[in-house]
Amino acid sequence: MAVKTLTRETHAQRLADYLPGGRLFSSRNIASSNLRKFLLGLAHEMTIADGHLCNYQNDIAPSVTTYFIDEWEKALGIPDSCLTGTGALVERRRDVVLKLAALGVQTVEDFVYIGSLFGITVTVESFMRHSEFPLIFPLYLVPSGAQLKFTILVSFTVAAVSRFPLTFPFTLGDSAVTVLECLFRRLKPANCDIIFQQV
């Protein structure tokens with residue numbers, strides 16, 4: 001919400017209204033008086049301050065900030081192992097909002113919301129035993145009969161991206177999904193395994 005800035009005359013009148021009555025301040029509303037000119041001078045500085053407050057109010061939100069992006073990143077510990085703190089301003093803003101959203105992740109809906117920040121549809125399912133899901137995970141080898149209690153399956157729905165099913169020390173495929181997987185690994189509960197599947 002933008003701060004409403006007032007005119008110099010409005011500020012001067014408000015200052016005049018705060019002055020007590022009596023002979024000493026009787027000229028506060030007379031345009032040619034020295035007192036009114038003094039009040040107009042003060043009001044000019046107040047309009048400058050209003051402008052600064054308006055700029056601050058309109059720019060402090062992380063989703064629209066330009067001037068404070070470095071401060072937001074520093075406060076949230078960006079760059080980190082998942083977010084680089086580089087790229088276009090739009091991406092840096094998204095990363096700040098993402099990091100703020102990640103501070104309170106507790107539910108399935110929270111994981112879905114974080115995916116939506118990247119424009120990716122995320123489905124989260126929980127499995128209690130190996131037999132409850134088909135073997136469709138080429139990236140995750142499960143020993144026969146192993147118990148997968150507290151295992152979370154995260155399915156991404158993204159545009160077709162060619163991905164290689166092995167881990168390399170460099171990034172292949174869609175970088176948004178790579179960042180999201182990194183974040184989800186950090187955000188998952190400590191007593192859970194997490195499996196990713198692109199559909």
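Any read-out appearing in this document is the output of simple, stated calculations on the displayed coordinates, not a laboratory observation. A quick note: this is a predicted structure, and the numbers were derived from the prediction, not measured. When we count neighbours, we look across all protein chains shown, and the Cβ atoms used for this are built from the backbone with ideal geometry, even at glycine.
Tell me the net charge near ALA43. Cut-off is 11 Å between Cβ atoms, ALA43 excluded, with +1 for each Lys or Arg and -1 for each Asp or Glu.
Within the 11 Å Cβ shell, the charges total +1.
Based on C-alpha coordinates, I'd like the Rg and Dmax of segment 8-59, in Å.
13.1, 45
Using a 7 Å offset from the Cα along the Cα-to-Cβ direction at both GLU109 and ARG14, what is the distance between the two label points in nm, to one decimal?
3.9 nm
What's the whole-number percent of alpha carbon pairs in segment 62-103 lying beyond 13 angstrom?
Looking at segment 62-103, the distances longer than 13 Å represent 42 percent of pairs.
State to the nearest 20 debye the size of the charge dipole of segment 8-59 about its Cα centre, where the only charges are +1 on K and R beta carbons and -1 on D and E beta carbons.
In total the dipole reaches around 380 debye.
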